[in-house]
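Here, each number is a calculation from the coordinates, and none is a lab measurement. Keep in mind that what you see is a predicted model, and the values were worked out from it rather than measured. Quick reminder, even Gly has a Cβ in these numbers, built from the backbone with ideal geometry, and neighbours come from all protein chains shown.
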Amino acid sequence: MISAGTLTCVGAVLGLLPYYTLRHPFLWGKMPAVLGAALVVPFLEELLFRGFILGVLLRSCSRAGALLITSALFSIVHFLKSPESSLPNDSINWLSGFVALGHSFWQFGTPLLVLGGFFTLFVVGCILVDARLLTRYLWLPIGLPAGWILANGLLRHPAPRAL
């Protein structure tokens, strides 16, 4: 709730600046999908990254090594994704997965995008690992991305970037 509230407040402030404009009404029909993603995705990701992978690495590495490796894996997995427009829905066939995999490296054409995106995801991974190590539970690392996904899902459609 703290993370969703903070991002909602930041989104409201950004909505008042000239960089973002309210163009669409609030999409209440998207609310179930946003809530579902905010509840399910962080739970599964944190079980994998901060539960299983970090747990295994803590048995064979130092805390700093486990933090760095887990955060790097988290960043790589989240950074490699194909653009939303890479595969139209009407052309899905048996080879669609290979086509999508080929498109997942599109970001490497812009080095600053690679550096900025990977670094941002790496820092987020470090924050989530640190939250897991400090609390010894997965609840805070689950709650932070849940709030981020919820706030992003609520603010992304009504306030697209104006620049």
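See the values below:
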| quantity | calculated |
| --- | --- |
| Residue-by-residue Karplus 3J(HN,Hα) for the stretch 40-47, coefficients 6.51, -1.76, 1.60, Hz, glycine and proline x | 8, 4, x, 4, 5, 5, 5, 4 |
| Packing rank of 137-143, 112-118, where each peptide gets the mean count of other beta carbons within 10 Å, highest leading | 137-143, 112-118 |
